[in-house]
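Asker: Structure in structure tokens, see below.
The values are calculated or read from the model by the stated rules, or taken from the named source; none is laboratory data. All values reported here derive from a predicted model rather than from experimental measurement. So basically every Cβ, Gly included, is an ideal-geometry build from the backbone, and we count neighbours across all protein chains shown. SASA here: full protein model, heavy atoms, side chains in, ligands and nucleic acids out. Shrake-Rupley method; radii C 1.70, N 1.55, O 1.52, S 1.80 Å.
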Amino acid sequence: MVSNIWSQSGGVGGRKRGISLKMLMGATVFVQPLDLVKNRMQLSGQGSKAREYKTSFHALVSILRNEGVRGIYTGLSAGLLRQATYTTTRLGIYTVLFEKMTGADGRPPNFLMKALIGMTAGATGAFVGTPAEVALIRMTADGRLPADQRRGYTNVFNALARITREEGLTTLWRGCIPTMARAVVVNAAQLASYSQSKQALLESGYFNDDILCHFCASMISGLVTTAASMPVDIVKTRIQNMRMIDGKPEYKNGLEVLVRVVGKEGFFSLWKGFTPYYARLGPHTVLTFIFLEQMNKLYKTYVLDR
């Protein structure tokens with residue numbers, strides 16, 4: 001989604017991509033605690049166990065009390081590597097496809113084509129970023145386990161090396177299908193819900209096509225995107241964190257995860273960790289679309305209308 005911003009302005013150079021990547025990785029430092037809380041909430045009450053955390057706030061307080069301030073930044077190195085691999089691939093793929101689909105007269109692709117390009121770029125980036133995602137899920141989940149059951153990865157590179165050595169190279173891509181599915185759902189839901197929300201707000205007569213309208217439409221889009229992608233996200237989290245029991249994996253596939261979560265923990269358990277997930281995705285969606293709208297105006301003024 002972020003790639004839409006720069007591509008609308010007629011392409012992006014390596015320097016701009018580098019600056020943008022640094023900004024996103026810097027933002028990871030601030031959202032890492034939200035990721036950790038979200039992952040812990042999604043793993044809480046797994047199977048027939050009682051839920052460890054009542055709410056996201058309870059989870060955050062418990063982590064701080066039991067693991068300290070450093071505890072809420074567990075897995076930061078994996079989060080940074082995920083951002084570097086996923087974002088770089090996604091932006092690169094989007095930019096290349098966008099430029100190929102741009103008309104000879106410089107006219108950008110239509111909405112549907114941009115959505116397809118975004119989903120393709122997101123899915124490809126998710127595949128490349130899956131090893132870092134697996135490491136992140138395991139590192140953030142470690143603190144909830146008894147000391148003798150913890151994996152004890154010291155950093156993301158230690159995690160990747162040990163996973164490869166102890167479980168095989170293919171384990172690094174465990175859960176890549178739901179990871180890619182989540183990326184497709186997020187891109188599709190963000191684009192469609194933002195467009196529809198903006199249209200509804202403008203047609204209400206209470207909004208003009210300005211930043212306030214873009215902000216409100218973005219908040220609605222973030223809410224819809226969070227709700228749509230969380231069931232896929234919990235499948236991804238459970239599969240990537242699962243252990244082998246008597247030589248067999250805890251789950252055979254994503255469908256089994258969904259059936260067991262709904263059957264043993266309740267239907268609404270598919271949205272466990274909603275608050276930290278929305279707190280992470282909401283501001284990202286707002287900034288993405290506000291910048292996108294401004295870039296669209298600049299592109300129209302200085303390129304199309306010339």
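Asker: Which whole-angstrom value gives the distance between the alpha carbon centres of region 121-155 and region 186-230?
Answerer: Here the two parts' Cα centres lie 32 Å apart.
Asker: When only C-alpha pairs under 8 Å and at least 6 residues apart count, what is the relative contact order of the chain, in percent? If you can, show how the numbers build up before the last one.
Answerer: On the way: 390 pairs, mean separation 76.4, N = 306.
Reported as a whole number, the value is 25 percent.
Asker: Keeping all protein chains in place, calculate the accessible area per residue for the chain (probe 1.4 angstrom), answer in Å².
Answerer: Working: 14900 Å² over 306 residues.
Here the per-residue accessible area is 49 Å².
Asker: Tell me, in nm to one decimal, what length is gained between Asp105 and Leu202 on full extension, where the rule is 0.36 nm per residue of separation less the Cα-Cα distance? The partial results should precede the final answer.
Answerer: Values: separation 97, 0.36 × 97 = 34.92 nm, distance 3.03 nm.
Once the chain is fully extended between Asp105 and Leu202, it gains 31.9 nm.
Asker: Please build a GNM for the chain, connecting alpha carbons under 10 Å apart, and tell me which residue among Val29, Val232, Val185 fluctuates the most.
Answerer: The residue that fluctuates most here is Val29.
Asker: Could you tell me the relative contact order of region 181-306? Use alpha-carbon pairs under 8 Å, at least six residues apart, and round to a whole percent. Provide the component values of the computation, followed by the final result.
Answerer: Numbers: 105 pairs, mean separation 37.0, N = 126.
Value for region 181-306: 29 percent.
Asker: Could you pull the Cα extents of region 95-212 along its three principal axes, largest to smallest, in whole Å?
Answerer: Projected onto its principal axes, the Cα set of region 95-212 covers 61, 39, 20 Å.
Asker: What does the charge add up to near Pro109, with Lys and Arg as +1, Asp and Glu as -1, over the other residues with Cβ less than 13 Å from its Cβ? Each step should come with its number before you reach the end.
Answerer: On the way: positive: Lys100, Arg107, Lys114; negative: Glu99, Asp105.
My count for the surroundings of Pro109 gives +1.
Asker: Here is a further query. Rounded, prolate or oblate: which one fits region 176-272, using the alpha carbon gyration tensor with axes a ≥ b ≥ c (rounded when a/c is under 1.5, else prolate when a/b beats b/c, else oblate)? List each step's numbers first, then the result.
Answerer: Details: a/c = 4.39, a/b = 2.96, b/c = 1.49.
The shape class here is prolate.
Asker: For every other residue with a beta carbon closer than 11 angstrom to the beta carbon of Thr237, add +1 if it is Lys or Arg and -1 if Asp or Glu, then tell me the sum. Display every interim value, and only then the final one.
Answerer: On the way: positive: Lys38, Arg40, Arg138, Arg182, Lys236, Arg238, Lys272; negative: Asp35, Glu133, Asp233.
With Lys, Arg at +1 and Asp, Glu at -1, the neighbours total +4.
Asker: Shifting gears a bit: If you look for lysine pairs in region 197-306 that are eight or more places apart or on different chains, how many of them have Cα atoms under 27 Å apart?
Answerer: 11
Asker: Under the Kirkwood approximation for Rh and a Cα-based Rg, what ratio Rg/Rh is obtained for region 26-133?
Answerer: Numbers: Rg = 19.0 Å, Rh = 16.4 Å.
Taking Rh as the inverse mean 1/r over Cα pairs, Rg/Rh reads 1.16.
Asker: Which whole-number value in Å³ per residue fits the convex hull of the alpha carbons of the chain? The partial results should precede the final answer.
Answerer: On the way: hull volume 43.8 nm³, N = 306.
Output value, Cα hull per residue: 143 Å³.
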